[in-house]
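A.B. asks: Structure provided below as structure tokens; questions to follow.
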Amino acid sequence: MRYRPRLAWIRYGSHDLTDEEIQEAAGKFRVAIIQPWELKAAETLKELDSDVIVLAYQCLSSVRVYEKGPIYSSGISPGQAEHLGSFALNSSRRRIEWAGYPGHFQQEVWKPEYQERWVKTVVKRFEHTPFDGVFADNDVYDDYYNLNFPLYGGEEITTIHAALDQLVRKAGEALRGVDKLLVPNIAEARREKDRWLRHSRYGGGVEECWMGWDNSPETRLNYRAIWQQMRTLRAPGVSVARTPGTGEPGDPNLLLALAAAWVFAPTSDVAVSATAHDGYNAMPWREEARWDLGLPTHPRPLNPAPGVYIRTLDKGIAAVNLSHQSRPLGRHMLEPWSGFMALKPL
């Protein structure tokens, strides 16, 4: 089997893809997530690399009232939301615009009518397209957008948890019925037992804050939380893991993400990325992504010092240092929060 680079191209930014970007991306990525109206780009990416998984962006939880269509980044259009009357209301009976995201309005995801329309619309939208499936964003866990619970009607965040469980299951089963994947952005799955398994069972899942919240030491996760996240990488389906970075070629945080994938999930289908917060116009890349390190030679990684994990494989070695101190690795020095990869001989 041909080796597949373990990188994800999360590219649903504010600027349309260019032909040059598509040609440059060909063969470099295991997963590409692009806007749902970029049908020609999806077709070209598949023509240039039949192994790439190309997913269309769709939001589970909001509509964007500024979009003109005919294809929308949300599962239903603003017009459908008006017809359904599916705009969620706050305690003052006003529609809820997401904090920090003008024009994004929360939907009543707990209503069966909304779920049914979301599923039917998305299946019809992508059934006969070159996309392999759907990246379902905003499978939320906390109140990230200042909805300020309880909502009008008494809904709490737990209402949304239960509703998204239902919606993901219904959408996943329906898309599977037309041979498409559903890959949700499963926020903070480490905090709820089996949530990743439930939501990734229809093709995979995305962890958007892998190992940390943003590119600063204060927001990095502790060892226990990182270990909890690593378990999700070993679930069936493709696991897309985005760690905070710059999105620029050569970003050392992308090397950290690549090395961590080899250390903690060497035999799983994992695609990593490193970008700035909402920095989805970039094309993160490092040459190490082309390296096939092979199969692990031991069942678990070595842990010679706090925060340091090393995996030996039959074609190379990978190591990460998740601590705040420099650590030696043979002739090399692992800096804090860094990764290392080498092909044999070392």
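The values are calculated or read from the model by the stated rules, or taken from the named source; none is laboratory data. In this text, all values refer to a predicted model and were calculated from it rather than measured experimentally. Every residue, glycine among them, receives a Cβ derived from its backbone with ideal geometry; neighbour counts consider all protein chains shown. Protein only, heavy atoms only, side chains kept; ligands, DNA and RNA dropped before computing areas. Shrake-Rupley method; radii C 1.70, N 1.55, O 1.52, S 1.80 Å.
A.B. asks: Across the range 148-160, what is the number of residues that are within 22 Å of GLU207 (Cα to Cα) and surrounded by 18 or more Cβ atoms within 10 Å (Cβ to Cβ)?
C.D. replies: 1
A.B. asks: Could we say that THR312 is surrounded by fewer than 14 Cβ atoms within 10 Å (Cβ to Cβ) and of a type in the set (Val, Ile, Thr) here?
C.D. replies: In short, no.
A.B. asks: Report yes if some residue within the range 10-18 is within 22 Å of ALA259 (Cβ to Cβ) and either assigned by the TED database to the domain that holds GLU67 or at pLDDT below 95 (or both); otherwise report no.
C.D. replies: yes
A.B. asks: Okay, next question. For SER50, state whether it is in contact with an Asp or Glu (Cβ under 8 Å, 6 or more places away or on another chain), more than 19 Å from ALA274 (Cβ to Cβ) and of a type in the set (Gly, Ala, Ser).
C.D. replies: So SER50 fails the test.
A.B. asks: Taking the conditions exactly as written (open to solvent by 40 Å² or more (accessible area, probe 1.4 Å), in contact with a Phe, Trp or Tyr (Cβ under 7 Å, 6 or more places away or on another chain), more than 19 Å from ARG224 (Cα to Cα) and not assigned by the TED database to the domain that holds PRO244), does HIS298 satisfy them or not?
C.D. replies: no
A.B. asks: May I ask you to verify whether VAL240 is β-branched (Val, Ile, Thr), assigned to a helix (DSSP H, G or I), touching a residue at least 40 places away in the same chain (Cβ under 8 Å) and open to solvent by less than 10 Å² (accessible area, probe 1.4 Å)?
C.D. replies: no
A.B. asks: Here are the criteria: (1) open to solvent by less than 40 Å² (accessible area, probe 1.4 Å); (2) touching a Pro at 6+ places or on another chain (Cβ under 8 Å); (3) under 21 Å from GLU156 (Cα atoms). Tell me which single one GLN106 does not satisfy.
C.D. replies: Of (1) open to solvent by less than 40 Å² (accessible area, probe 1.4 Å); (2) touching a Pro at 6+ places or on another chain (Cβ under 8 Å); (3) under 21 Å from GLU156 (Cα atoms), only one is false for GLN106: (2).
A.B. asks: Condition check: surrounded by 24 or more Cβ atoms within 10 Å (Cβ to Cβ) and over 20 Å from ARG224 (Cα atoms). Does ALA261 satisfy that?
C.D. replies: Judged against the criteria, ALA261 is not a match.
A.B. asks: Checking ARG290 against (1) open to solvent by 80 Å² or more (accessible area, probe 1.4 Å); (2) modelled with pLDDT of 95 or more; (3) among the charged types (D, E, K, R): exactly one of these is not met. Which one?
C.D. replies: Against the list (1) open to solvent by 80 Å² or more (accessible area, probe 1.4 Å); (2) modelled with pLDDT of 95 or more; (3) among the charged types (D, E, K, R), ARG290 comes up short only on (2).
A.B. asks: Contact list please: Cβ distance under 8 Å, first residue in the range 191-206 and at negative phi, second residue buried (at least 23 other Cβ atoms within 10 Å of the Cβ) and basic (Lys, Arg), pairs at least six apart or on different chains.
C.D. replies: VAL206/ARG242
A.B. asks: List pairs: first in the range 311-334 and touching a residue at least 12 places away in the same chain (Cβ under 8 Å) and under 17 Å from ASN253 (Cβ atoms), second outside any strand (DSSP E or B) and open to solvent by 80 Å² or more (accessible area, probe 1.4 Å), Cβ under 6 Å, 6+ apart or cross-chain?
C.D. replies: SER323/PRO306
A.B. asks: Sticking with this one: Would you confirm whether any residue within the range 218-234 is assigned by the TED database to the domain that holds ARG11, more than 18 Å from ARG190 (Cα to Cα), open to solvent by 40 Å² or more (accessible area, probe 1.4 Å) and modelled with pLDDT under 95?
C.D. replies: Yes, because at least one residue in the range 218-234 is assigned by the TED database to the domain that holds ARG11, more than 18 Å from ARG190 (Cα to Cα), open to solvent by 40 Å² or more (accessible area, probe 1.4 Å) and modelled with pLDDT under 95.
A.B. asks: Looking at this structure, is VAL134 under 29 Å from VAL31 (Cβ atoms) and either buried (at least 19 other Cβ atoms within 10 Å of the Cβ) or out of contact with any helix residue (DSSP H, G or I) (no Cβ under 6 Å at 6 or more places or on another chain) (or both)?
C.D. replies: Here the answer is yes, as VAL134 does meet what is asked.
A.B. asks: Now for a different question. On the given criteria, is SER338 surrounded by 13 or more Cβ atoms within 10 Å (Cβ to Cβ), among the hydroxyl-bearing types (Ser, Thr, Tyr), at pLDDT 95 or above and assigned by the TED database to the domain that holds ARG11?
C.D. replies: no
A.B. asks: Name the strands (runs of 3 or more DSSP E) wholly inside the range 276-346 in which the number of residues that are closer than 21 Å to THR246 by Cβ is 1 or more.
C.D. replies: Because the criterion is at least 1 residues that are closer than 21 Å to THR246 by Cβ, the strands (runs of 3 or more DSSP E) in the range 276-346 that meet it are 316-321, 332-334, 338-343.
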